[in-house]
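The structure appears below as structure tokens.
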Amino acid sequence: MTMVGRCLVTLVTLVALSSVFESADAATCTAPWPCLNSGRFNNTGRPVASVANCDSTGNTDYFPIKVTPDYSTQWNVSYHMYYKILTNTRANQRYVLYQRGCTAPVVSFQAPAIAVPVTSVEITSSTFETYIAILGERESIVVSSAFGGVYSADPCMQAQFVAGHTADRSCSGTCVGGACAKEPEIAFVGFSGGRCPASSVANVSVSESAETELLAQVEWIEFFSTFFNKEGVILTYVADLDASLACLATSIENYRAANGLARPKVLWATPPGILPPSAASEWASVGTCPNYYCEAIVRAGGEILNNRSAVASLAPAYNPATFRVEGGPNSSVLFAAGVAGDADVILVPGSLSTPSFAALTSAQCDTIYASTALLPPSVPAVASRRVYDNGAIRDPSGGTDWFASRLATPDVLVETIAAMLYPGMNIRGSLGLAWWQNVYTESACIPVAGIPTVLDTVVQCNNASDLFRPGRNSVCATPTAAPTSIPTVAPTRSTSGGSRSEGSNDSSLSTLNVSLIAGCGAFAIIALVLLMFYMSTRRQLIELTGEEEPVMNWSADDQAAIEERGL
């Protein structure tokens, strides 16, 4: 396609997004149950799925499809014909979810009473997006703490921000988007507490970050499903993932045995982001087990060095006064004999940053990874150039997608780790390493294609129901709950001096063409101006005609979750 063609596509896409989330659908709520909302919002709000003449005598079961956690110990749910009692045991909070159209039941404890299915929600962390999207309820997110959508790598979530369907409001009260006046029905909040600024909207605590097992993390999708009466959508989702993980483990073990391969030794740790590199610098993190990444590495056929007491004892501690983990080992201690000096593969979770939280550029990260003081050549992983970071999928803010799409796709995580441990197995085929990239041969910290812009991301939303997640290979069975129309390409990064080879990264963001904005130049700016003019005019017409538009409040993103997850 010519550059002019690309620009036209961008313009058409942006204008189209202003109406793609406005088609009205009729909502009906009759037997057979459960009672579900329609699939679309419109300008006057989502059609509410409500029963008429509610039977609260106990003779009608409005929730015939039920879920129960098999792996998570942080929540549970009980069903009572026309209402559910949902408990977050980690937060010690209960919620009474009653069928919309019925009267809230009288219970013997204090708890928010929430009519279900809900039609509009707020999320205070982008990590919740994937759970809700798999349920087919992305459009229920009318408020997010993503500050203009930049903290989301999901193209269709970005599209909702651009279209004004989802609003952002910071703790300062600044609100961006077409939905800045109304409150959502509930707010899903992280472990830090509640919304910012506070309101009367019921806070629903989500504690998936407290889970240390892969399937326990995934199982929080069932927690979310109870609010939408969507238990049936994901009834077999976790079981399918369990079967897929078992299949992967068998395939990996068969390959290892057939080729007489020992389990590669894997270290999960983050080097210091201090420049210039120094042998005295403390490593920013050293993972501890049990944790989800320990399990994933073992399932992928590796030996996790973080299980060694000599390594585990070196893990730095979190200091709430500085919001940092501190007291990590220097390289001479970490890579001593009997500690992690025999690491075959080093996996680096997250980007490198300075002690003042400033993110490093790719060139600065190159300097870190090239330092023999920090990464001694005597370490097998360094000698064989098998050091990877998980920064290959980024959102427009530069943040990693690691804490979003990965949570619901542990089989993809195991596949990608196996691909790094056993490259000859070709377990991923042409799909690449998803979130991972080789810091020596692909890119360090920053993706090969660079940080995407909002427009780069939005134009990938071909259908509002598309699910953003790295693709799976077809080696093993896959869950059936969600669409999988994910475009994938293999971008390359050229550098001077030939110090890097071509590499591929699998993700929907891998299709980003960063030359789009640069090439279009003023045209892209005009497109944005036209869109803003259109939305402004449209809102004036709404005010004149009295038509009401769904608008919501905003809360701050739970950035502290990064420290709790995975380090």
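Quick look at the values:
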{"read-out": "Long-range amide H partners of V325 with built H, under 5 Å", "value": "N319"}
{"read-out": "Net charge of Cβ neighbours under 10 Å - reference S225; Lys, Arg +1; Asp, Glu -1", "value": "-2"}
{"read-out": "Pairwise label distance in nanometres, A312 with T441, each label 7 Å out on the Cα-Cβ vector", "value": "3.4 nm"}
{"read-out": "Solvent-accessible ranking of F228, F109, largest area first, probe 1.4 Å", "value": "F109, F228"}
{"read-out": "Semi-axis lengths (Å, descending) of the ellipsoid that matches the C-alpha gyration tensor of the stretch 81-128", "value": "20, 16, 8"}
{"read-out": "Two-site label geometry, D342 and S56: point separation in nm, points 7 Å out along Cα→Cβ", "value": "6.7 nm"}
{"read-out": "Cα Rg over Rh - the stretch 361-437, Kirkwood", "value": "1.01"}
{"read-out": "Rounded FRET efficiency, nearest 0.05, which uses the C-beta distance separating N254 from R94 and R0 of 56 Å", "value": "0.75"}
{"read-out": "Ordering of 70-77, 316-323 by packing [mean C-beta count within 10 Å, highest first]", "value": "70-77, 316-323"}
{"read-out": "Segments 389-402, 95-108 sorted - mean Cβ within 10 Å per residue, highest first", "value": "389-402, 95-108"}
{"read-out": "Amide proton proximity set for Y98, modelled H, under 5 Å, gap of 5+", "value": "K84, I114, A115, V116"}
{"read-out": "Two-site FRET efficiency, S384 against T73, from Cβ-Cβ distance with R₀ of 30 Å, rounded to 0.05", "value": "0.15"}
{"read-out": "Sequence of T372, T354 when ordered by accessible area, the most exposed leading, probe 1.4 angstrom", "value": "T372, T354"}
{"read-out": "FRET efficiency, 1/(1 + (r/R0)^6) with R0 22 Å, evaluated for A280 and A321 via beta carbons", "value": "0.45"}
{"read-out": "Accessible area of D240 in the full protein assembly, 1.4 Å probe (Å², nearest 10)", "value": "40 Å²"}
{"read-out": "Reciprocal of mean inverse Cα separation for the stretch 242-310 (Kirkwood radius, Å)", "value": "14.0 Å"}
{"read-out": "Protein accessible area in the stretch 260-408, 1.4 Å probe - carbon and sulfur %", "value": "60 percent"}
{"read-out": "Solvent-accessible area per residue, Å², over the stretch 48-152 with all protein chains present [probe radius 1.4 Å]", "value": "38 Å²"}
{"read-out": "Residue-span extension gain [A363 to C247] - 0.36 nm each, minus C-alpha spacing", "value": "37.8 nm"}
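The values are calculated or read from the model by the stated rules, or taken from the named source; none is laboratory data. Quick caveat: nothing in here was measured; it's all calculated off a predicted structure. Positions of Cβ are generated from backbone atoms using ideal geometry, with glycine treated the same way; all protein chains shown enter the neighbour counts. Calculation scope for accessible area: heavy atoms of the full protein, side chains included, ligands and nucleic acids excluded. Shrake-Rupley method; radii C 1.70, N 1.55, O 1.52, S 1.80 Å.
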